[in-house]
Amino acid sequence: MTRLKRYGNSRIQASRCPFFGVDGLKEVQLEDLQDIIHNRQRDETLDDSWSYNWGTSIYSSKKAYAIFIASSPDSPLFKWLWKSSNLGNHKFSFWLLLRDRLNTRNLLRRKHMPLVDYNCVLCNQGCEESSFHLFFECRFNKECWASIPIIWNLNLNPLDMILQGRLNFGSAIFREIFITACWIIRNTRNNTIFDNGQKNLQL
């Protein structure tokens, strides 16, 4: 029962924080499972039985869903996204970014898809191309953001970093500029990989 609640809290943290690595969530759950197995006291005289948080031995997919998913609050960035004036494909791309579902090389590695190289093609610094690296840590894209200018405080968690960036930018159209810039960065990366494109700072 305690473990279900702990996993639920892990999902909540993942929802609150964009770009939350799936690998990190798996590590937390694996550690919890190892603790359960290691600390389990087994009584050989008793038969195994199932028990659930809701107090009965009868499984309910609805109640299990409520524990794992339905109680997880969405990041405020999702409402902020859909109210923007951007094109639909720009919004969808940004939604994938928030969910860490863009096909970065890091995601392809997690899906066990073999590539010759999983590193970022825009900065050539030997860094694995995760969503967060591609849009915020990459040296090339830091120059892109500085040219707008939007300065990110990478010491903050992703949500607070974006909210502070909006406050510091001081313009009502920050949301549209931010989402459009992410779209351009993604296309620049794709063109570099698939079309032998040239990296260009002209946003």
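Observations
- Within region 161-186, residues that are surrounded by fewer than 18 Cβ atoms within 10 Å (Cβ to Cβ) have Cβ atoms under 7 Å from residues that are β-branched (V, I, T) in these pairs: N168/I151; F169/I150; I177/I148, counting only partners at least 6 apart in sequence or on another chain.
- Any hit, region 76-88, residues being modelled with pLDDT of 80 or more, touching a Lys or Arg at 6+ places or on another chain (Cβ under 9 Å) and among the hydroxyl-bearing types (S, T, Y): yes
- Residue within region 90-100 that is out of contact with any helix residue (DSSP H, G or I) (no Cβ under 7 Å at 6 or more places or on another chain) and loosely packed, with under 13 Cβ neighbours inside 10 Å present: no
- Condition met for W183 (assigned to a loop (DSSP other than H, G, I, E, B), within 18 Å of the chain's Cα centre (by Cα) and aromatic (F, W, Y)): no
- Single unsatisfied condition, C144 versus (1) of a type outside the set (S, T, Y); (2) buried (at least 19 other Cβ atoms within 10 Å of the Cβ); (3) not in a helix (DSSP H, G or I): (3)
- Condition check for E176 on (1) assigned to a loop (DSSP other than H, G, I, E, B); (2) closer than 23 Å to S75 by Cβ: one failure, at (1).
- Selected residue (only one of S84, S61, S57 is in the same structural domain as L159 (by TED's automatic domain parsing) and not hydrophobic (A, V, I, L, M, F, W, C)): S84
- Exactly one residue among S147, S131 is touching an Asp or Glu at 6+ places or on another chain (Cβ under 6 Å) and either more than 14 Å from W80 (Cβ to Cβ) or not hydroxyl-bearing (S, T, Y) (or both), and that residue is S131.
- Residue match in region 49-67 (condition: among the β-branched types (V, I, T) and within 28 Å of G170 (Cβ to Cβ)): no
- Number of residues in region 130-141 that are surrounded by 17 or more Cβ atoms within 10 Å (Cβ to Cβ) and either farther than 17 Å from F94 by Cα or among the β-branched types (V, I, T) (or both): the value is 2.
- Residues satisfying the criterion are present in region 35-46 (criterion: at pLDDT 80 or above and either closer than 29 Å to T104 by Cα or in contact with a helix residue (DSSP H, G or I) (Cβ under 9 Å, 6 or more places away or on another chain) (or both)).
The values are calculated or read from the model by the stated rules, or taken from the named source; none is laboratory data. Computed from a predicted model, the values in this text were never measured in an experiment. We place every Cβ from the backbone using ideal geometry, glycine too, and count neighbours over all the protein chains shown.
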